[in-house]
Amino acid sequence: MLKAFKYRVYPTSEQSVLLAKSFGCARWFYNYALNLTSETYKQTGKGLSRNEIIKLLPSLKKEYEWLTEAPSQVLQQAALNLSSAFLNFFEGRAKYPNFKKKQNRQSIRFPQGCKLKDDVLVLPKIGKVHCKVSRQPEGSLKSVTVSVNPSGEYFASVLYDDGKDLPRKSAEGKAIGIDVGLTHFAITSDGTKHGNPKFYRKHEKRLARKQKQLSRKLKGSNNRNKARVKVAKIHAKIVRCREDFLHKLSRKLVDENQVIIVENLAVRNMVQNHKLAKSISDTGWGQFCTMLKYKSEWFGKTYIEVDRFFPSSKTCNNCLNRVDSLSLDIRSWQCPKCRENHDRDINAAKNIRDEGLRILTVGHTATASGGRVRPSKGTAFTRHFPVNEESPRL
């Protein structure tokens, strides 16, 4: 099983110069290969393969001698990254690859020749770098990715293979449905509401003040670079706080439950609403679901995503009656059929849990009486088994 551990590294001034040269060489070669591939495709209708790009290195090193200052593995890995970017584009998982910029986060990967012992990380051509190791990983070291963020902080992501297989998934235990929101970050089917910290909103005024100072500095000056670093540090602070919150909450939910059920949200489409885009981006729903997914795989838990068009909020969890409309400003409502009072979010979480258990039991495409078991206008799905929150019958 592969696991990556991210550590803070503290290179010396000489090592920082070598890393900066490596970042620049890898970025230049990536952009050169991307431009050459695009031009070749326009002229011949075919792009360049990964091996064809790598074969360009010997001639380029003779023409540009400064390319020899970077480890050869780093440049080869840049070609592999470009090949992966094109593969993701052709398979519809990403947009067309963009050119890398010096102002953004920089990273290089060492696929071999690295060692990590205690608090020392050994990198090819870089040497021994002090590394702050919070916990010593177990297994064999596969690769190391060194990165620097815009605020000038260096990190090393070490990938280890512990030699173990993923545990077998089990659904015996407590099942929980999770509904995400803006007022409360996560609402679970057992009635628990986890507040939304809104880290970006907390630092918004300070960030605006630093950005205003940055805009007044002369482009290319040292003062502008100092102001840019101050802005980048605030962004880094927000990212660290958000990741810490998401890691702790996702680990808590995975530890306490065996079946985790969430909605399959299209965050890219949701942020197109200019009134809610900033608040939605501040929550990190997509990252939260990703954490729930891979942590569930690590510990043999079952992770299920319910279709985003499933009417979880409009459906009464008691009698399964579905109302025609329910605006976002209505946070509690009464079912017109059974007169049951519902908290909008908790009711949605319960319906997500029940729909996930139905998918787990009969499958997503199960049919009944010749039709799909999907919600109709008047009545929601029909339960095919009694749902028990603590121990579902599977």
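Any read-out appearing in this document is the output of simple, stated calculations on the displayed coordinates, not a laboratory observation. In this text the structure is predicted, and so the values were computed from the model without any measurement. Here the Cβ positions follow ideal geometry from the backbone for every residue, glycine too, while neighbour counts run over all protein chains shown.
Observations
- Potential lengthening between residue 339 and residue 226 on full extension [0.36 nm per residue; Cα-Cα distance subtracted]: 34.5 nm
- Extension gain for residue 55-residue 101 works out to 14.1 nm (0.36 nm per residue, less the C-alpha to C-alpha distance).
- Taking label points 7 Å from Cα along the Cα-to-Cβ direction, residue 211 and residue 130 give a separation of 3.5 nm.
- Packing-based ranking, highest mean first, of 121-132, 45-56 given that Cβ atoms within 10 Å are counted: 121-132, 45-56
- Over all other residues within a Cβ to Cβ distance under 15 Å of residue 131, the charged ones net out to +4, with Lys and Arg as +1 and Asp and Glu as -1.
- Free-standing Cys, the chain [no other Cys Cβ under 4.7 Å]: 25, 114, 131, 241, 289
- Environment charge at residue 272 (Cβ cut-off 15 Å; Lys +1, Arg +1, Asp -1, Glu -1): +4
- Low-density loop positions, trypsin sites (Lys or Arg not before Pro), segment 300-350 - DSSP coil, at most 12 other Cβ in 10 Å: 308, 331, 339
- The chain, Cα convex hull volume normalised per residue, Å³: 197 Å³
- With all pairs of different C-alpha atoms in the average, the Kirkwood value for the hydrodynamic radius of segment 102-218 is 19.3 Å.
- Nonlocal amide H pairs with residue 143, under 5 Å, H built at 1.01 Å: 159
- Radius ratio Rg over Rh of segment 288-352, counting only Cα atoms, Kirkwood formula for Rh: 1.10
- Length released on extending from residue 273 to residue 172, taking residue separation times 0.36 nm less the Cα-Cα span: 32.4 nm
- Sorted on the mean count of surrounding Cβ atoms within 10 Å across their residues, most packed first, peptides 282-292, 23-33 read 23-33, 282-292.
- Computed on segment 2-161, the Cα convex hull volume stands at 126 Å³ per residue.
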